[in-house]
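> I'd like to ask some things about the structure below.
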Amino acid sequence: MQNEIQSKITESLNWRAAVKVYDREKAVDPILVEAILEAGRMAPTAYGIQPFEIIQVEDMDMRTKVREAAYGQAQVTEAPHLFVIAVRTDLENNINQYVENIAQVRGVTLESLDGFKKSMMGDILSRSEEAQFAWAGRQAYIAFGFMLETAALLKVDASPMEGFSTEKVDEVLGLKDMNLKSLGLLVLGYRGDDKYSQMKKVRFPKEEIIVKK
């Protein structure tokens, strides 16, 4: 059983590719989309704070404008689904909400979490605004990775994208008013006549990546 799981993971990761050309006519089952999104929601983050949101962009006018902000990359509009991974810029409010959520879910008092809250406040809010964004972005990328692996296991093509104007995407989606700042794009769908997915995957040998001391 263990070998079967290991083989499935390895095969799926070898199968996945940074697809550029998507089949416009082939939709992704909503159940699979939900599973991929749930992987992002359940991903681990520092303190468990989840300082990001995943924006599902369905409006085609908005998607067209995002494509323009992404320098015309066709997959933004051709793939069935577009998501924007956005980092929260109101981290103090994020911390307060998180602590309240812990109290409610675990049935404990807010007072019992005061030390934990102060620890988070001291660690996160003592950083510069730029450093806070970088820290929150690292947490978001963990979720990004979980979504990509889940998509691969489900044989759904997923393309992560950083090549876009964050300012323009934020403006199109009104993210500033939501206390968010775009970090990355993720499109989901199924590959069409895509030459990149047919190329051999190039990775450094295991011996050069995994170093034992």
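> Tell me, which residue of the range 113-160 that is assigned to a strand (DSSP E or B) and of a type in the set (Gly, Ala, Ser) is nearest to residue 37 (Cα to Cα)? First the steps, then the outcome.
First pass over the range 113-160, keeping only residues assigned to a strand (DSSP E or B): 157-160.
After this cut, where a residue has to be of a type in the set (Gly, Ala, Ser) as well, the list is 158-159.
On the way: 158: 12, 159: 14 Å.
The residue in question is 158.
> Filter the range 16-40 for residues that are open to solvent by 60 Å² or more (accessible area, probe 1.4 Å) and part of a helix (DSSP H, G or I); which is farthest from residue 81 (Cα to Cα)?
This residue is 38.
> Would you say residue 44 is within 20 Å of the chain's Cα centre (by Cα) and surrounded by 15 or more Cβ atoms within 10 Å (Cβ to Cβ)? Talk me through it step by step, then tell me what you get.
Details: within 20 Å of the chain's Cα centre (by Cα): yes; surrounded by 15 or more Cβ atoms within 10 Å (Cβ to Cβ): no.
For residue 44, the condition - within 20 Å of the chain's Cα centre (by Cα) and surrounded by 15 or more Cβ atoms within 10 Å (Cβ to Cβ) - is not met.
> If I go through the range 125-183 residue by residue, how many of them are more than 18 Å from the chain's Cα centre (by Cα) and β-branched (Val, Ile, Thr)? Steps first, please.
If we filter the range 125-183 for residues that are more than 18 Å from the chain's Cα centre (by Cα), which is where we start, we get 125-131, 167-168, 171-172, 174, 176-177.
Restricting the remaining residues to those that are β-branched (Val, Ile, Thr) gives 172.
So the count comes out to 1.
> If the Cβ limit is 7 Å and pairs must be 6+ apart or interchain, which residue in the range 186-213 that is closer than 19 Å to residue 157 by Cα pairs with which residue that is open to solvent by 40 Å² or more (accessible area, probe 1.4 Å) and of a type in the set (A, V, I, L, M)?
Qualifying pairs under 7 Å: 191/21; 192/21; 193/21; 194/21; 196/18.
> Sticking with this one: Mind checking whether some residue in the range 134-146 is open to solvent by 40 Å² or more (accessible area, probe 1.4 Å), among the aliphatic types (A, V, I, L, M) and closer than 19 Å to residue 75 by Cβ? Lay out the reasoning, then the answer.
Residues of the range 134-146 open to solvent by 40 Å² or more (accessible area, probe 1.4 Å): 134, 138, 141-142, 146.
Next, from what is left, pick out any that are among the aliphatic types (A, V, I, L, M): 134, 142.
Next, only the ones that are closer than 19 Å to residue 75 by Cβ stay: none.
No: zero hits.
> Residues of the range 61-94 being surrounded by fewer than 21 Cβ atoms within 10 Å (Cβ to Cβ), of a type in the set (Val, Ile, Thr), touching a residue at least 24 places away in the same chain (Cβ under 8 Å) and part of a helix (DSSP H, G or I), which ones?
Correct list: empty.
> Going by the structure shown, is residue 182 within 18 Å of residue 77 (Cα to Cα) and either buried (at least 19 other Cβ atoms within 10 Å of the Cβ) or not acidic (Asp, Glu) (or both)? Break it down into steps so the answer makes sense when it comes.
Numbers: within 18 Å of residue 77 (Cα to Cα): yes; either buried (at least 19 other Cβ atoms within 10 Å of the Cβ) or not acidic (Asp, Glu) (or both): yes.
Answer is yes for this residue.
> I'd like to know if the range 45-52 contains one or more residues that are within 30 Å of residue 93 (Cβ to Cβ) and of a type in the set (Ser, Thr, Tyr).
Taking the range 45-52 as the starting set, the residues that turn out to be within 30 Å of residue 93 (Cβ to Cβ) are 45-52.
Those left that are additionally of a type in the set (Ser, Thr, Tyr): 45, 47.
The answer is yes, given that some residue of the range 45-52 is within 30 Å of residue 93 (Cβ to Cβ) and of a type in the set (Ser, Thr, Tyr).
> Looking at the range 5-23 only, could you name the residues that are among the charged types (D, E, K, R) and modelled with pLDDT under 90? So that I can check it myself, show each step before the final result.
So in the range 5-23, the residues among the charged types (D, E, K, R) come out as 8, 11, 16, 20, 23.
8 - this is the single residue of the range 5-23 that is among the charged types (D, E, K, R) and modelled with pLDDT under 90.
> Restricting attention to the range 41-60, which residues are at positive phi and assigned to a strand (DSSP E or B)? Full working, then the answer.
Step one: filter the range 41-60 for residues at positive phi, giving 47-48, 50.
Correct list: empty.
> Looking only at the range 95-121, which residues are of a type in the set (D, E, K, R), more than 23 Å from residue 133 (Cα to Cα) and either open to solvent by less than 70 Å² (accessible area, probe 1.4 Å) or within 28 Å of the chain's Cα centre (by Cα) (or both)?
Looking only at the range 95-121, we keep the residues that are of a type in the set (D, E, K, R), and these are 100, 106, 111, 114, 117-118.
The next check asks that each one be more than 23 Å from residue 133 (Cα to Cα); those that pass are 106, 111, 114.
Scanning the range 95-121 gives 106, 114.
> Still on this structure, I have one more. I'd like to verify a number: residues in the range 185-206 that are open to solvent by 10 Å² or more (accessible area, probe 1.4 Å) and either in a loop (DSSP other than H, G, I, E, B) or within 12 Å of residue 17 (Cα to Cα) (or both), how many?
Within the range 185-206, residues that are open to solvent by 10 Å² or more (accessible area, probe 1.4 Å) and either in a loop (DSSP other than H, G, I, E, B) or within 12 Å of residue 17 (Cα to Cα) (or both) number 15.
The values are calculated or read from the model by the stated rules, or taken from the named source; none is laboratory data. All of these numbers come straight from a predicted model, not from anything done at the bench. Don't worry about glycine lacking a Cβ; one is built from the backbone with ideal geometry, like all the others, and counts go over all protein chains shown. These accessible areas exclude ligands, DNA and RNA; they are computed on the full protein's heavy atoms, side chains included. Shrake-Rupley method; radii C 1.70, N 1.55, O 1.52, S 1.80 Å.
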